[in-house]
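Engineer: Here it is: the structure, laid out below.
What follows draws every value from the coordinates through simple rules; no lab data is involved. Predicted model, so just to flag it, every value in this text is computed and none were measured. Every residue, glycine as well, gets a Cβ built from its backbone with ideal geometry; the counts of neighbours run over all protein chains shown.
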Amino acid sequence: MSSVYIGRQPILDANANLIAYEILYRDVKQEASANSNRYASAHVINTVLNKFGARSILGKQKAFVKVDEKFLMHDLIFTIPKEFFIFTIFNDIEMSERVVERIQQLYAKGFELAINDISLTQESLVKYEVIFKELSHVKVNIDKLTVVGYKDLIMALQKNDVNIVGTKIEDRLDYAKARALGCNWFQGYYFAEPKILENAKYEPSQKQILNIYNLLMQDTSIDEITQEFENSPELTVQLLQFINSGAFHFRTKISSIHHIIMLVGRTPLAQWLMLMIYSKSVSRDNAESPLMLMVKNRTQLMENVLTKLEPQVKSNRRGEAYLTGVLSLLDTVFGVKLETILSDMHISSDVKNALLKEEGVLGEIYALVKDIEGFDVDKILAFESKHHLKEKDIESMAFDGMKELDLFFNPELEE
């Protein structure tokens, strides 16, 4: 099974308290090389929000993420949840009028901004003084530090309440230099190397993303958009992780994908999809992973059995059945206990009780789905008898999904 990787290095304060992280791009070989800084920025942000979940990877801390001029100037940057990230601007970006204006716009909207590896020189003082009041942090590479001409710059930064972060601190001597310089926060191998985090990689297809993006931007019914999401378990799983990141705060509890689309809105969802495209975090083929096929099979069974029990079932109720099915495998997808995932998600009590206690009609159906997967014939027959279903009703509904899984693992059966 393929994986996605990311690097996470802690940043400490003067009392050795964890205060923030730097999140670093890592490719499939766990290396730092990337085609472009713009791609690396989008990939890192997309991975935090949709693959790991901001809460699970960051806790209560924010993450420094490097951004180049192209990413800085793209309007996509305004759609990134500001409560999770500190945009760290590369020091080779010129402070042109348009760049300064963009920094001022971001600051006015509450984003935190930093400069990466600032040089402590008179030239830097002249270059950055126009944005001092918009900066929250500057990062200083202690390894490149010279002791000439930096005092005026340090005084200007401190006067504007800019936090100074000492980086590349390799030993006790570097740490002493950083303290003497006036650094407030510290980062480097002296404290901890970047930790490589791994998670399963489930990518929706480029075609699926573009199709849903177009539907969102047109006058298409929410029901049709919902159906497209439900046809892509990979995309649905990432949407649930994104929502679980805390990027949105809903007063009402989520009951279905239809409900999420209504609460989030078309434009924010379209922007979220564009972040995936921007980070190239999509698949160009139509291959599905076996786990995503299991998710798809569970959701179909949940909906089909519910419809069999309640022929006049409304779409919102069927949406709860779908949500129960897709949430039921998130613990396997993300390697976190289901109880933990659900405790952080603002979902309806019917869905939560179905998953954790197998209560209610949805809970019964969820238990049945697991019995089907375990080939527990006695329990399947007991379910049919309790709900006055015809013999083989459940078997016929389960057959199509199981056949699809069989074909995945045994493609020769199709011949």
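Engineer: Treat the count of other C-beta atoms within 10 Å as a stand-in for reagent exposure and order Leu125, Leu235 from fewest to most.
Structural biologist: If I rank by nearby Cβ atoms, fewest first, I get Leu125, Leu235.
Engineer: Which percentage, to the nearest 5, of the DSSP beta bridges contained in the chain is antiparallel?
Structural biologist: 40 percent
Engineer: Just need the relative contact order of region 206-414 here, percent rounded to a whole number, with Cα pairs under 8 Å and 6+ apart. Don't skip to the end; give the middle numbers.
Structural biologist: Numbers: 188 pairs, mean separation 42.2, N = 209.
RCO, region 206-414: 20 percent.
Engineer: Using the charge dipole of region 251-401 (Lys, Arg: +1 at Cβ; Asp, Glu: -1 at Cβ; taken about the Cα centre), state which of Tyr366, Thr252, Gly325 has its Cα farthest towards the positive end.
Structural biologist: Among Tyr366, Thr252, Gly325, the one farthest towards the positive end of the dipole of region 251-401 is Thr252.
Engineer: Still on this structure: What number, in percent, do you get for the relative contact order of the chain if the mean sequence gap of Cα pairs under 8 Å and at least 6 apart is divided by its residue count? Working shown, then result.
Structural biologist: Numbers: 617 pairs, mean separation 58.9, N = 415.
Averaging sequence separation for qualifying contacts and normalising by length gives 14 percent for the chain.
Engineer: Which whole-Hz couplings ³J(HN,Hα) result when phi for each residue of region 187-204 is put into the Karplus expression 6.51 cos²θ - 1.76 cosθ + 1.60, θ = phi - 60°, listed in order with x for Gly and Pro?
Structural biologist: Rounded to whole hertz, the list is 8, x, 5, 4, 9, 5, 6, x, 8, 8, 9, 10, 9, 5, 9, 10, 10, x.
Engineer: So between Ser2 and Glu97, what do we pick up on full extension, going 0.36 nm a residue minus the alpha carbon distance?
Structural biologist: On the way: separation 95, 0.36 × 95 = 34.20 nm, distance 4.38 nm.
Gain on extension, Ser2 to Glu97, equals 29.8 nm.
Engineer: How do 221-231, 384-394, 291-301 rank on mean C-beta neighbours within 10 Å, highest first? Don't jump to the answer; show the numbers that get you there.
Structural biologist: Working: 221-231: 16.0, 384-394: 12.9, 291-301: 21.9.
Per-residue mean Cβ counts within 10 Å order the peptides as 291-301, 221-231, 384-394.
Engineer: While we're looking at this one, here's another question. Given 10 °C and 1.306 mPa s, compute D for the chain with the Stokes-Einstein relation, Rh being the Kirkwood radius over Cα pairs; round to the nearest whole µm²/s.
Structural biologist: Here the translational diffusion coefficient equals 67 µm²/s.
Engineer: Would you list, by chain and number, the aspartates and glutamates whose Cα falls below 17 Å from the Cα of Lys60, excluding same-chain residues fewer than 8 positions away?
Structural biologist: Candidates past the 8-residue exclusion: Asp13, Glu22, Glu83, Glu112, Asp344.
Engineer: Moving to a separate point now. Subtract the Cα-Cα distance of Asn184 and Glu83 from 0.36 nm times their separation in residues, and report this length gain in nm to one decimal.
Structural biologist: Details: separation 101, 0.36 × 101 = 36.36 nm, distance 2.09 nm.
Full-extension gain reported as 34.3 nm.
Engineer: Would you mind checking Lys51/Lys370; Lys296/Lys370; Lys109/Lys133; Lys62/Lys133; Lys82/Lys109 for any pair whose Cα atoms are more than 18 angstrom apart?
Structural biologist: Working: Lys51/Lys370 26 Å; Lys296/Lys370 14 Å; Lys109/Lys133 14 Å; Lys62/Lys133 20 Å; Lys82/Lys109 9 Å.
Too far apart for the 18 Å limit: Lys51/Lys370; Lys62/Lys133.
Engineer: Of all alpha-carbon pairs in region 31-182, indicate the percentage at a distance above 18 angstrom.
Structural biologist: Numbers: 6849 of 11476 pairs.
Summing the P(r) of region 31-182 above 18 Å gives 60 percent of all pairs.
Engineer: Glu339 versus Val313, label points 7 Å from Cα toward the beta carbon: distance in nm?
Structural biologist: Between Glu339 and Val313, the label points sit 2.8 nm apart.
Engineer: Here's something else I'd like to know. Using a basic spin-label model with each label point 7 Å from the Cα along Cα→Cβ, how many nm lie between Leu263 and Glu359?
Structural biologist: So the label points at Leu263 and Glu359 sit 2.0 nm apart.
Engineer: Using packing as a proxy for protection, rank 254-265, 14-25 so that the peptide with the highest average count of other Cβ atoms within 10 Å comes first.
Structural biologist: 254-265, 14-25
Engineer: Then there's this: How would you order 66-75, 193-202 from highest to lowest mean count of nearby Cβ atoms within 10 Å? It would help to have the intermediate numbers written out before the result.
Structural biologist: Details: 66-75: 18.2, 193-202: 16.0.
The densest-packed peptide leads the list: 66-75, 193-202.
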